[in-house]
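What follows draws every value from the coordinates through simple rules; no lab data is involved. Values in this document were obtained by computation on a predicted structure and should not be read as measured data. Heads up, the Cβs are rebuilt from the backbone with ideal geometry, glycines too, and the neighbour counts pull from every protein chain shown.
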Amino acid sequence: MYLCGTCLRTYSAHILPRKLTTMCAPSSWQTHLAFSPQYAGAVEAKQVAQQEAETAKYLVEKALEEKKSIVISAQVSLPQP
């Protein structure tokens, strides 16, 4: 049987998930996942590093805005010829 691309996408997006849901009872999906302390520590360290990078990015943008403000105020205070 040949399925066109649109038909196959429709089947995959709408019908297949329903079949999978009805085929597997929710109780069979019960699993307990535990991560090693090293993995948990690595994830936490990554999040901290991302926050620090965002803070640094904010401070750079703030400094650039302050620089623009100083330049503009200096230009305004110059005597006009």
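Placing unit charges on each Cβ (+1 for Lys and Arg, -1 for Asp and Glu) gives the range 36-76 a dipole about its Cα centre, and among SER69, GLN50, SER36 the Cα reaching farthest toward its positive end belongs to SER69. In order along the range 67-79, the Karplus-derived 3J(HN,Hα) couplings, from 6.51 cos²θ - 1.76 cosθ + 1.60 at θ = phi - 60°, round to 4, 4, 4, 5, 5, 5, 5, 5, 5, 5, 7, 5, x Hz, and Gly and Pro are given as x. Length gained on full extension, GLN50 to HIS32: 3.7 nm, using 0.36 nm per residue less the C-alpha separation. Relative to the Cα centre, the charge distribution of the range 36-76, modelled as +1 at Lys and Arg Cβ and -1 at Asp and Glu Cβ, gives a dipole magnitude of about 120 debye.
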